[in-house]
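Enquirer: One structure coming up, written as structure tokens, with questions to follow.
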Amino acid sequence: MTAVISNSSERRLVLAGGRAHPDLATAVAEQMDIELLPTTAYTFANGELYVRFGESVRGADCFVLQSHAAPINESIMEQLIMVDAMKRASAKAITVIMPCYGYARQDKKHKGREPISARLMADLFKTAGADRIMSVDLHTSQIQGFFDGPVDHLWAMPLLAQYVRTRVASDNLTIVSPDAGRVRLADQWSDYLGAPLAIIHKRRDPSVPNQVKVHELVGEVKGRTCVLVDDMIDTGGTIVQAAEALFENGAKDVIVTSTHGLLSGPAVDRLRDSGISEVVVTDTLPISDDKQFDKLTVLSIAPLIARAVREVFDDGSVTSLFQGNV
């Protein structure tokens, strides 16, 4: 009689995708040469969500991918339910992949009696059973500290910058931050492409969301191709006003890059009717046919997410994907 019971089971990776952006989940699975976990999900007549997995996840390393796309609250709730289902099905570890972190802009209190919703998001997923969070280009890096566990902060800049490098000669390129909050991001772009940096100063009316007023430009843009860099494009007001300020200061051309293309409300019309020559985003969020326009270029983020998932599963280094620049 032996005092030890052993088995020959090996670690198992399981990837599940929600309904918000099935194309991205499928693309990640294809990059990893695996099948998505069979999942049944539907919405009851009263709006409640139901999720059930078609195969066992007991003892598996589970990755749950869901883009927090419109309707955002339904997308978030579905992912929470998926995590809860995996936890109750005895998953060994659960990594939540949220390519675009919902409520990330509410990361601090600007006025009294406001919530910090980005922290609430982290608490919700921790309570649901998440062991780890993976996201792309958080609105602010401090969000990593909101979750009591590992956070893999993926970086889309190399993907976007490599594309820009194929479109514009670096000797006539200026990287532009559309506001003070994006200066650090623009500085990284500047170092990566070896291009000078310019900054647009703006003031936002705190009582009126999605409206800004551009004030002044710091840096030389006359006769140059300018690349406006931001983490997300929502209604497009900030970017379009920034582009107008650049043209007023003699810019030859303006290209816009952003990780997350929310493209809400009037964004498509604003961008299409502006002097901007190209808008480059990744597919962290689904972009429906009615949001497509001639100036829009969408790059796939699936290879980056797939590589990061593999590094996590193999106990490798996610940081190594970016050569330490994260």
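Enquirer: If a residue has to be open to solvent by 40 Å² or more (accessible area, probe 1.4 Å), part of a helix (DSSP H, G or I) and under 20 Å from VAL151 (Cβ atoms) to count, how many in region 302-319 make the cut? Talk me through it step by step, then tell me what you get.
Expert: Applying the first criterion (open to solvent by 40 Å² or more (accessible area, probe 1.4 Å)) to region 302-319 yields 303, 307, 310-311, 314-317, 319.
Pick out the ones that are also part of a helix (DSSP H, G or I) and you get 303, 307, 310-311, 319.
From what is left, the residues that are under 20 Å from VAL151 (Cβ atoms) are 307, 310-311, 319.
Total meeting the criteria: 4.
Enquirer: Quickly run through region 75-91 and pick out the residues that are part of a helix (DSSP H, G or I) and either open to solvent by 80 Å² or more (accessible area, probe 1.4 Å) or more than 25 Å from LEU262 (Cα to Cα) (or both).
Expert: To start, the set of residues in region 75-91 that are part of a helix (DSSP H, G or I) comprises 75-88.
If the condition is that a residue be part of a helix (DSSP H, G or I) and either open to solvent by 80 Å² or more (accessible area, probe 1.4 Å) or more than 25 Å from LEU262 (Cα to Cα) (or both), then MET77, ASP84, ALA85, MET86, LYS87, ARG88 are the ones that fit.
Enquirer: In addition: When residues of region 266-301 are filtered for being touching a strand residue (DSSP E or B) at 6+ places or on another chain (Cβ under 6 Å), surrounded by fewer than 19 Cβ atoms within 10 Å (Cβ to Cβ) and hydroxyl-bearing (Ser, Thr, Tyr), how many remain?
Expert: Counting residues in region 266-301 that are touching a strand residue (DSSP E or B) at 6+ places or on another chain (Cβ under 6 Å), surrounded by fewer than 19 Cβ atoms within 10 Å (Cβ to Cβ) and hydroxyl-bearing (Ser, Thr, Tyr) gives 3.
Listed here are the residues, each with its yes/no results for (1) under 20 Å from the mean Cα position of the chain (by Cα); (2) under 22 Å from VAL164 (Cα atoms); (3) of a type in the set (A, V, I, L, M, F, W, C); (4) modelled with pLDDT under 95.
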| position | (1), (2), (3), (4) |
| --- | --- |
| GLU248 | no, no, no, yes |
| LYS252 | no, yes, no, no |
| VAL256 | yes, yes, yes, no |
| GLY261 | yes, yes, no, no |
| ARG272 | no, yes, no, no |
| ILE276 | no, yes, yes, no |
| LEU285 | yes, yes, yes, no |
| ILE301 | yes, yes, yes, no |
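Enquirer: A follow-up question, please. Can you tell me which residue among ALA20, ALA45, ALA69, ALA27 is open to solvent by less than 40 Å² (accessible area, probe 1.4 Å), farther than 16 Å from VAL96 by Cβ, at pLDDT 95 or above and of a type outside the set (Lys, Arg)?
Expert: Exactly one residue qualifies, and that residue is ALA27.
Enquirer: I'm trying to understand the selection: among the residues of region 47-74, which are under 16 Å from the mean Cα position of the chain (by Cα) and outside any loop (DSSP other than H, G, I, E, B)?
Expert: Correct list: VAL64, LEU65, ILE72.
Enquirer: Could you count how many residues in region 220-239 are surrounded by fewer than 24 Cβ atoms within 10 Å (Cβ to Cβ), of a type in the set (A, V, I, L, M, F, W, C) and in a helix (DSSP H, G or I)?
Expert: The number of residues fulfilling the criteria is 0.
Enquirer: Are any residues in region 241-262 open to solvent by 20 Å² or more (accessible area, probe 1.4 Å) and either in contact (Cβ under 8 Å) with a residue 24 or more places away in the chain or at positive phi (or both), and if so, which ones?
Expert: From region 241-262, those open to solvent by 20 Å² or more (accessible area, probe 1.4 Å) are 241, 244, 247-250, 252-253, 262; that's our starting set.
Once the filter is applied, which keeps residues that are open to solvent by 20 Å² or more (accessible area, probe 1.4 Å) and either in contact (Cβ under 8 Å) with a residue 24 or more places away in the chain or at positive phi (or both), region 241-262 yields GLN241, GLU244, PHE247, ASN249, GLY250, LYS252, ASP253, LEU262.
Enquirer: I've got another one for you. Here are the criteria: (1) out of contact with any Asp or Glu (no Cβ under 9 Å at 6 or more places or on another chain); (2) part of a loop (DSSP other than H, G, I, E, B); (3) small (Gly, Ala, Ser). Tell me which single one ALA104 does not satisfy.
Expert: (1)
Enquirer: Under 7 Å between Cβ atoms, at least 6 apart or on separate chains: pull out the pairs that start in region 219-230 with a residue that is at positive phi and at pLDDT below 95 and end on any residue that is assigned to a loop (DSSP other than H, G, I, E, B) and not hydroxyl-bearing (Ser, Thr, Tyr).
Expert: Pairs found: GLY219/PRO196.
Enquirer: Right, something else. Do you know which residues across region 125-182 are in contact with a Gly (Cβ under 8 Å, 6 or more places away or on another chain), open to solvent by less than 20 Å² (accessible area, probe 1.4 Å) and not hydroxyl-bearing (Ser, Thr, Tyr)?
Expert: ALA130, ILE133, VAL176, listed by residue number.
The values are calculated or read from the model by the stated rules, or taken from the named source; none is laboratory data. Every value quoted in this text rests on a predicted model; they were computed, and no experiment measured them. No Cβ is skipped: glycine too gets one built from the backbone with ideal geometry, and neighbour counts run over all protein chains shown. What goes into the accessible areas is simple: the full protein's heavy atoms, side chains included, and nothing from ligands, DNA or RNA. Shrake-Rupley method; radii C 1.70, N 1.55, O 1.52, S 1.80 Å.
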